[in-house]
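Notes to accompany the following structure.
The values are calculated or read from the model by the stated rules, or taken from the named source; none is laboratory data. The structure presented is a predicted model; accordingly, all values stated were derived computationally and were not measured. In this analysis, Cβ positions are derived from the backbone assuming ideal geometry, glycine residues included, and neighbour counts consider all displayed protein chains. The protein model used for the area step is the full one, side chains on, heavy atoms only, and it has no ligands, DNA or RNA in it. Shrake-Rupley method; radii C 1.70, N 1.55, O 1.52, S 1.80 Å.
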Amino acid sequence: MNLHYLTTSRNNPQFYTFRQNFVKGKKPELDDIQWEEIQNLGWLDFWHGEGHQLLEEKWHTLYPTFQEEIDIATSEEKANWQELWEEHSTTVSGQFWHIFSCAFENYQLRFLHSLESDDDEDDERIEDVGQTFDKLELENIETEIEEEINQLADDFTSDVDEEHQLKLMGLPTAFGTQRQHKARQETLQHIDSETSAIIMPHENKFLHLTKKNKWLKAKELKKKIRDITNIPQFMQDENPLRKYWYKRFSLFSRFDQGIRLDRESWFSVTPERIAKQTATRLACDLIVDAFCGCGGNAIQFAFTCQRVIAIDIDAQKLAMAKHNAKIYKVDHKIEFIHADFLQFAKSTRLKPNMVFLSPPWGGPEYLKHANFDIEQNLLPVGATELMNCARQLSSNVGFFLPRNSMMKQVIALSGAAGQQCEVEHNFLDTRMVAITAYYGKDLIKGDRNDEDDDDDEDDDDDEEDKESS
Ligand code: ADP
């Protein structure tokens, strides 16, 4: 497998999701997969989620005086600004698109691989994939970190030929250029009409940095990320693990306000960007987070749901989750319950709208499998049993799973034959982090007729329940 490996910055990786619906009992036929549609939707998700905002942030960083100048600009100057803005949009979206396309190609490769679920089929592949993962995860850590830290500075200072801009605006150029303008990328047809209809960022209020502040900011950020004053002892002792420390702000953007994590959670907490996406998808009145850990998901659910029930079998983790929720000022929306989820599901009378499952994957060892068997390798029980427990509470379930999970098994969790699930592959830059599978009629935008049928069945079930109780 030949995967791309491109990053923006460790502190601020770009987030992409690619999603597909599957029907239980219907083998996914490769010819039927609508790659183009998936790619377009993935791009739109990114664009509306953060792409456009990033574009504007970069703009304000490059032209800190824009906001003041545009207010007093003559019509000729306004036209110049417009031209500059269009060029900026084309260049920056071209750069975004490049990373996005690599991520999409990785998605296709990984997806095709995940359909090959017969482990005996191909031992060589297992080794091959293991090596790829090792390569991605562990080699050249120091160089990788250094490059990414440097990238931060670039985020603040690159992509600008000031002389050119000044000329465009009819302003004096005597104070010269700062950096070479990077090669302009072609406008991409794929960027849809909404993207190309970007309006000038007059009305948005962004942080305005002076040029001096811009450099200071980049320097400060580099310093902040490099700062290892509070690095946990085990990371000090094991050098390759330091990369987790440098990623800390992508796990919790408020990390430096006192986030607490134990050793295990450093490797397993869901990165904030992904937790946010899942929380948007599972927004409802009442949600159960069945394996809350240190609270990465529960905190984000608290922003999109009225109430969150966060369960964990480990009291210390639960205490850390509570502490972390306080940092995000959402602890009042979360009820922390110290329990074994399997027991809880059997005994509770609670009827949440959604259940979120993020069970232990067995530590980083999960990457040693070419195709991760979610029936054999998840803890504390296999995926089907876990789903059965979750369904006792609600038919709407989000399931956070390893990126190398066997797709056939994931689809098989959909319930009865003919029912659907949606599988979302989550990427940070070109690196696939995990998959999230969604089940249940409130979560799947499937065939309306099927849904209506399901509704009828559910109604019948409800009636039976009422009668028997
Ligand atoms: P891994 O690193 O193997 O993925 P995690 O740390 O993500 O494991 O495990 C998720 C959380 O699930 C942990 O906080 C753990 O305490 C919790 N947990 C494990 N078993 C249960 C259970 N039966 N009920 C509730 N929580 C559990």
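This table checks each residue for (1) in contact with a Phe, Trp or Tyr (Cβ under 8 Å, 6 or more places away or on another chain); (2) more than 30 Å from Leu115 (Cβ to Cβ).
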{"position": "Tyr5", "(1), (2)": "no, no"}
{"position": "Thr17", "(1), (2)": "yes, no"}
{"position": "Val23", "(1), (2)": "no, no"}
{"position": "Asp31", "(1), (2)": "no, no"}
{"position": "Gly42", "(1), (2)": "yes, no"}
{"position": "Phe46", "(1), (2)": "yes, no"}
{"position": "Leu62", "(1), (2)": "no, yes"}
{"position": "Thr74", "(1), (2)": "no, yes"}
{"position": "Trp81", "(1), (2)": "yes, yes"}
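Might you check whether a residue that is in contact (Cβ under 8 Å) with a residue 60 or more places away in the chain, under 30 Å from Leu350 (Cβ atoms), of a type in the set (Phe, Trp, Tyr) and touching a strand residue (DSSP E or B) at 6+ places or on another chain (Cβ under 8 Å) occurs anywhere in the range 278-299?
Yes; the residues of the range 278-299 include at least one that is in contact (Cβ under 8 Å) with a residue 60 or more places away in the chain, under 30 Å from Leu350 (Cβ atoms), of a type in the set (Phe, Trp, Tyr) and touching a strand residue (DSSP E or B) at 6+ places or on another chain (Cβ under 8 Å).
Could you run through the range 251-299 and say how many residues are within 16 Å of the ligand (Cβ to nearest atom) and either more than 20 Å from Phe234 (Cβ to Cβ) or assigned to a loop (DSSP other than H, G, I, E, B) (or both)?
Total satisfying the criteria: 24.
From Leu318, Leu342, which residue is touching a residue at least 12 places away in the same chain (Cβ under 8 Å), of a type in the set (A, V, I, L, M, F, W, C) and farther than 21 Å from Arg391 by Cα? Working first, answer last.
Numbers: Leu342 fails: farther than 21 Å from Arg391 by Cα.
Going through Leu318, Leu342 in turn, just one is touching a residue at least 12 places away in the same chain (Cβ under 8 Å), of a type in the set (A, V, I, L, M, F, W, C) and farther than 21 Å from Arg391 by Cα: Leu318.
For the range 330-350, what are the residues that are touching a strand residue (DSSP E or B) at 6+ places or on another chain (Cβ under 8 Å) and either closer than 10 Å to Gln392 by Cα or open to solvent by 40 Å² or more (accessible area, probe 1.4 Å) (or both)?
Lys333, Glu335, Phe336, Ile337, His338, Leu350
Would you be able to tell me the number of residues in the range 300-319 that are assigned to a loop (DSSP other than H, G, I, E, B) and either open to solvent by 10 Å² or more (accessible area, probe 1.4 Å) or basic (Lys, Arg) (or both)?
Looking only at that region, the number is 3.
When you scan the range 38-82, how many residues do you find that are in a loop (DSSP other than H, G, I, E, B) and among the polar types (S, T, N, Q)? Even if it seems obvious, please write down each step before you answer.
From the range 38-82, those in a loop (DSSP other than H, G, I, E, B) are 63-65, 73-74; that's our starting set.
When the remaining residues are screened for being among the polar types (S, T, N, Q), the result is 65, 74.
Summing the residues that are in a loop (DSSP other than H, G, I, E, B) and among the polar types (S, T, N, Q) in the range 38-82 gives 2.
Evaluate the range 373-383: report whether one residue or more is within 13 Å of the ligand (Cβ to nearest atom) and not in a loop (DSSP other than H, G, I, E, B).
No, the conditions are met nowhere in the range 373-383.
Among Ser265, Ser347, Ser250, which is in contact with a Gly (Cβ under 8 Å, 6 or more places away or on another chain) and among the polar types (S, T, N, Q)? Spell out the reasoning first.
Values: Ser347 fails: in contact with a Gly (Cβ under 8 Å, 6 or more places away or on another chain); Ser250 fails: in contact with a Gly (Cβ under 8 Å, 6 or more places away or on another chain).
Only one candidate passes the filter, namely Ser265.
Name the single residue, out of those in the range 344-363 being more than 8 Å from the ligand (Cβ to nearest atom) and not in a loop (DSSP other than H, G, I, E, B), that is farthest from the chain's Cα centre (by Cα).
This residue is Ser347.
What about Ile327, is it surrounded by 20 or more Cβ atoms within 10 Å (Cβ to Cβ) and either within 13 Å of the ligand (Cβ to nearest atom) or farther than 19 Å from Ala437 by Cβ (or both)? If you could, list the steps in order and put the result at the bottom.
Numbers: surrounded by 20 or more Cβ atoms within 10 Å (Cβ to Cβ): no; either within 13 Å of the ligand (Cβ to nearest atom) or farther than 19 Å from Ala437 by Cβ (or both): yes.
Answer is no for this residue.
For the range 269-283, give me each residue that is touching a helix residue (DSSP H, G or I) at 6+ places or on another chain (Cβ under 8 Å) and either buried (at least 20 other Cβ atoms within 10 Å of the Cβ) or of a type outside the set (Gly, Ala, Ser) (or both).
From the range 269-283, those touching a helix residue (DSSP H, G or I) at 6+ places or on another chain (Cβ under 8 Å) are 269-273, 275-280, 282-283; that's our starting set.
If the condition is that a residue be touching a helix residue (DSSP H, G or I) at 6+ places or on another chain (Cβ under 8 Å) and either buried (at least 20 other Cβ atoms within 10 Å of the Cβ) or of a type outside the set (Gly, Ala, Ser) (or both), then Val269, Thr270, Pro271, Glu272, Arg273, Ala275, Lys276, Gln277, Thr278, Ala279, Thr280, Leu282 are the ones that fit.
Within the range 246-264, count every residue that is without any contact (Cβ under 8 Å) to a residue 12 or more places away in the chain and among the charged types (D, E, K, R).
So the first thing to find is which residues in the range 246-264 are without any contact (Cβ under 8 Å) to a residue 12 or more places away in the chain, and the list is 248, 255.
This time we only want the ones that are among the charged types (D, E, K, R), so: 248.
Counting residues in the range 246-264 that are without any contact (Cβ under 8 Å) to a residue 12 or more places away in the chain and among the charged types (D, E, K, R) gives 1.
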